[in-house]
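Reviewing the structure listed below.
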Amino acid sequence: MVPLKRRKVVSSGAGADSSVKTRFPHVVLFLLERKMGASRRAFLSQLGRSKGFQLEEVFSKSVTHVISENNCGGEVRAWLESQEGGKGQKGDHGRPPVHLLDISWYTESMREGRPVEILDRHRLQEQQSNKVEVVVFSAPSYACKRRTTLKNHNTLLTEALSILAESAELNEDEGRGVAFRRAAAVLKCLPKAVSSMEQLRGLPCLGDHSMRVIKDILENGASSEAESTKQSERFKALKVLTGIFGVGAKTADRWFREGIHSLSQLQESGHTLNQAQQAGLQFYDDINLPVSKTEADAISEIVEKAVHAVLPGAEITLTGGFRRGKLTGHDVDFLITHPEEGKEEGLMPKVVSWLESQGFLLYQKTTRNSYLESKDGPGRPASNMDRFERCLSIFKLTKDRCVGQKQGTKQSATPIESHVKTVCSLGDPTQAKGEGNSESLTGSCQKTEPNPQSHPHPLSQIHPSNLTLNVLGQEKSLDVDQAQTSGHKPWRAVRVDLVVSPVSQFAFALLGWTGSKLFERELRRWAGHEKAMSLSSHALYDNKQSRYLRASSEEEIFAHLGLEYIPPTERNA
């Protein structure tokens, strides 16, 4: 009897060898995974074996041909020297040296069904000189001292790090998330694409974990950790659940542990949702579609009309990513003030009332200004939020309002035309105090099929005939006839934040609400660690002199902090 472990190994190897007979025993191939990637290597290996070629999974002295993709001869030789038996490339005990070949030789051989003649063009090319000068990048350690435009030469690296940062944040590991965000921010500001690890020597904010991710991408074309994270059930579920307006990482984690992984499962769970979450679920499709600059401009016209109707002379500024030059965003943020201090008091309720009377608000929650300079000081509150009077809302933007905006600009119809109409009323509106007017959120559930051109998402899994909702413990069936309305609705829902600031605090508010989030975090870290100052979206306080430093512009704030002024379009850290 053969022991179980040995039987498994023998049977596995026999199966592989017996599938196709080796036709060229004198040719033993090894595909180098570096820069080729594991999945491509596996596919090419299977293809070679199916045509009768012998391929080794692990490099050994029996290998006669090393096949490489996107590597020069020096790189492959260096790799071989690091392997056990690598010296065989020069010929060992009289055997011929290993052929170092480009992938083109392999593909031609596959096409011919036999090993083709090795020509000069098949051999790995050498660098022009033995010592190639490597440009080592440098960058300041604080993101607020770096100029970062929207042009990113290292998207493959930064996207992988951003996925890991998002995963950490969804798991409420803020420190790990910030570390990945800082690493990505450094790479975003580099003037060229990173081609070797040596170029990163001395760069700040690149910890061991981030460096491992970068090395994996440079050598294999992708980060196995980032790809694994993206495909994990937990990551995908938390992304869906936190995509609901009003749902944070903690709530999403609790639902996930209860077995809720999708919107349909949430609806079937009987959970009572507060008004913000009701609105978030009701308008999930629209809210999770990008908002175009044209749509932001259309909303800007509405906001200006509303503000000027109740307070002539007030000033409205579009902030957030759009102020930094982005063409799309997740929401639209406006900062409102008046040149005369105190005139802005009581403005928000009037603006909200006007917007509601005109039918622009699908949801709104208004909070009052709670900042008192003499009592609170400039430090950030525990919630990391400022204390301005604000309105967190969902706008109803009609399609016709976007027509005519910026004539000649190509528009994407997706945000308005590919909406999946699902209106679900969950929970008791009286349960969430101070959530604002909820009349527009009550009613039956409506659904139509999504535009086949749009990206599918969890709401498309919901069948109207099965929709029953729990409202205060009472199960209610939804009107299927109403749910199966036809055609595309002529409007979309858009997340809009309105913030009112006294003119004396406006420069600080504008700086804080422009972002990016990491840039603002680094500004405050610089102020505290390097200048012994406390910076918030309300004020700047000098702890050494025990006094406030006033500013009427962002330039003055940078000057107080001893920093070179960086315009909004270069704050995309």
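The values are calculated or read from the model by the stated rules, or taken from the named source; none is laboratory data. Here the structure is a predicted model, which means the values were calculated and not measured. Using ideal geometry, Cβ is built from the backbone for each residue, glycine included, and neighbour counts are taken over all protein chains shown. Just the protein is used for accessible areas: all its heavy atoms, side chains included, with ligands, DNA and RNA removed. Shrake-Rupley method; radii C 1.70, N 1.55, O 1.52, S 1.80 Å.
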Going by the conditions given, is K215 open to solvent by 40 Å² or more (accessible area, probe 1.4 Å) and touching a Ser or Thr at 6+ places or on another chain (Cβ under 9 Å)? no
Inspect all residues belonging to the range 515-528 and state whether any of them is open to solvent by less than 50 Å² (accessible area, probe 1.4 Å) and in a strand (DSSP E or B). no
Result of the Cβ filter at 9 Å on the range 257-280, keeping first residues that are more than 12 Å from I244 (Cβ to Cβ) and of a type outside the set (D, E, K, R) and partners that are open to solvent by 50 Å² or more (accessible area, probe 1.4 Å) and assigned to a loop (DSSP other than H, G, I, E, B), at least 6 apart or interchain, is S264/H463; S269/E258; G270/G473; T272/L472; T272/G473
Of all residues in the range 179-212, which are open to solvent by 60 Å² or more (accessible area, probe 1.4 Å) and assigned to a loop (DSSP other than H, G, I, E, B)? P191, K192, S195, R201, G202
Members of the range 233-247 found to be within 16 Å of the chain's Cα centre (by Cα) and open to solvent by 10 Å² or more (accessible area, probe 1.4 Å), listed by number: F235, K236, K239, V240, T242, G243
Boolean, E172 is in a helix (DSSP H, G or I), out of contact with any Leu (no Cβ under 9 Å at 6 or more places or on another chain) and open to solvent by 60 Å² or more (accessible area, probe 1.4 Å): no
Could you check how many residues of the range 362-373 are open to solvent by 50 Å² or more (accessible area, probe 1.4 Å), farther than 17 Å from R495 by Cβ and of a type in the set (S, T, Y)? 1
Which of the residues belonging to the range 19-65 are open to solvent by 30 Å² or more (accessible area, probe 1.4 Å), of a type in the set (A, V, I, L, M) and either assigned to a loop (DSSP other than H, G, I, E, B) or touching a helix residue (DSSP H, G or I) at 6+ places or on another chain (Cβ under 8 Å) (or both)? V20, A38, L47, V58
